[in-house]
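Chemist: My questions all concern the structure below.
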Amino acid sequence: MSPRASSRQRRARPAPLGPLRAAMRLSLLRNSGFLMGTTVMTSALGYAYWLIAAHHWSSASVGFAAGAISTFTLVGFVFSLGVAPAYVRMLPRFTDRSELDQFFSSGLVTTTAASVVAGVLVVLLLPTWAPHFHELRQPSIAAAFVAGCGLSTTGVALDGCFVALRRSSGQFGRNLAFAVVKMALLVGPVLVLRRPGAASILWTWDAALFASAILAVVLLERLGMHLAVPRRSGLRRLFVHRHTMLGYQVGSLGASLPPFLFPALVIGLLGTRQNAYVYFTWSIAGILFTVSTSIGLALFAEGSHREDLRRQSKLAAKTMALVLVPLTAVMLVLAGRILSLFGHEYAAHGTMLLRIFAVGALADAVTNCYVGVRNAQHRLVEVATLNFVVAAIAVGGSAVFLRSWGIDAVGWCWAVAQLVGCVWVAVMVGRGAVHGDDGTPHELDLVDDPNTRAMSMTSAAAKTT
């Protein structure tokens, strides 16, 4: 071979990919990376948001606003009706574009309407159960609360679409818009009002949720998903999948109960000032929690696209360890300094709590990875049982020990609950229940539609012949 030909051959070889570019070619790492980036970015800008609030609003107003936001986010999540995980599981299986748009639109409208109705009921009933929420009787705060319920649900559903399409960059864009807009709007009350109250915090939150939802709809349009007026056919198809949606909703609800119930529990037992310390500490620890949560969700999406779950699970576990262990070490060492950015009182009350959360995040990673696999395998009863056992220990223990142990009780009970979850996972893995005897994941039971189930059974039978 001549030197000239050899030179041309060398030039024709593709340049080797760098480690980052190679990782981004793997959809699991790409999507989990965007999901983690979403939370890290929103957390960082969220710190700036609450830093402004902590210095210009009273701690009582901040504590009430934080509790109200957590509560209407919980209401929005509970009445999301399992639409977001149903999107993750079912959208990849649609072949007809009009049916896809109808399923998407019907789910979005139904879940938003349900959350608004639920928000009205909470405004009427919650102040009676928890006197610290008496400000919900003010019209401006009540209206902001109800709007927050509906808009929170809309955001959950839209994010589910991006995950289903394995385009989590869209979720990153929506949440970036939400974080930037809410912080920009918060400056208004500081400049205009002499003594801004909790209502101004709630309305800036709602306005940012609305702006980010508009952006998400535009991004989804570019990805080929169109928001349409729901027709009877779309609502009927949504109803056909009600059992799958309910299963995912129950499992997701169990996982989300502790972070949503902790603020209301602390306000009810200790007051709004103590809740401000818990809320800020949990928000900072959320950087750790989001690593495993994001990878677990991406793992679920990979399984919905029929990827090899065993190989993807190993990749997910390695990624969690590489990212989470160094972050946990940093949080343990710098816990006091991080909280001191919000003020001396936050560091004085929350440093130990933040360190407890940091250690518990390692156990939380084990259960999140396991839940991602089991969701993809459609083992919804086990997922719901595991998540509710963990939630019952965390929330029930906190309710018992908060008055005697103070806010550290939240951290200790949550960490113990995560360790119980790890024991569950160890037992199931030891029994070989996660994968079949042949080393392949259990066959997916896709949907409640009899026609689709029949096609799935035919496909499974063809694999064995």
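Chemist: So what's the net charge close to Ile141: Lys and Arg +1, Asp and Glu -1, counting the other residues with Cβ under 12 Å from its Cβ?
Modeler: Surrounding charge for Ile141 is -1.
Chemist: Here's something else I'd like to know. Please give the peptides 148-154, 170-176 ranked by average Cβ packing (other Cβ atoms within 10 Å per residue), highest first, as a rough proxy for protection.
Modeler: Per-residue mean Cβ counts within 10 Å order the peptides as 148-154, 170-176.
Chemist: Between Ala184 and Leu246, what is the label-point separation in nm under the 7 Å Cα-to-beta-carbon projection?
Modeler: Going by the 7 Å Cα→Cβ label model, 4.4 nm.
Chemist: With the Cα gyration tensor of region 28-432 in hand, convert its eigenvalues to equivalent ellipsoid semi-axes via √(5λ) and list them largest first in whole Å.
Modeler: Values for region 28-432, descending: 31, 27, 20 Å.
Chemist: Between beta-carbons, use under 14 Å as the cut-off and find the net charge around Pro127, counting Lys and Arg +1, Asp and Glu -1.
Modeler: 0
Chemist: Relative contact order of region 28-432, please, whole-number percent, based on alpha carbon pairs below 8 angstrom and at least 6 residues apart.
Modeler: 23 percent
Chemist: Net charge near Arg232, counting Lys/Arg +1 and Asp/Glu -1 over other residues with Cβ under 15 Å of its Cβ? Write out the running numbers ahead of the final one.
Modeler: On the way: positive: Arg231, Arg236, Arg237; negative: Glu99, Asp101.
Net of charged neighbours comes to +1.
Chemist: Tabulate in residue order the Karplus-calculated ³J(HN,Hα) for region 62-67, using 6.51 cos²θ - 1.76 cosθ + 1.60 with θ = phi - 60°, rounded to whole Hz; enter x for Gly and Pro.
Modeler: 5, x, 5, 4, 5, x
Chemist: While we're looking at this one, here's another question. Using a Förster distance of 41 Å, how high is the FRET efficiency between Ala228 and Lys314, based on the Cβ-Cβ distance and rounded to 0.05? Walk me through the numbers before you get to the answer.
Modeler: Details: r = 41 Å, r/R0 = 1.00.
After rounding to 0.05, the efficiency reads 0.50.
Chemist: Taking the beta-carbon count within 10 Å as an exposure proxy, list Arg232, Arg379 from fewest neighbours to most.
Modeler: Going from sparsest to densest Cβ surroundings: Arg232, Arg379.
Chemist: Tell me, Trp414, Trp203, Trp57 in order of fewest to most beta-carbon neighbours within 10 Å?
Modeler: Trp203, Trp57, Trp414
Chemist: Just to be sure I understand the model, the point goes 7 Å from the Cα along the line to the Cβ. What's the resulting Ser140 to Ala348 distance in nm?
Modeler: About 3.1 nm, to one decimal.
No lab work stands behind these numbers, since they all come straight from the coordinates. Because the structure is predicted, anything quoted here is derived from the model rather than measured. Don't worry about glycine lacking a Cβ; one is built from the backbone with ideal geometry, like all the others, and counts go over all protein chains shown.
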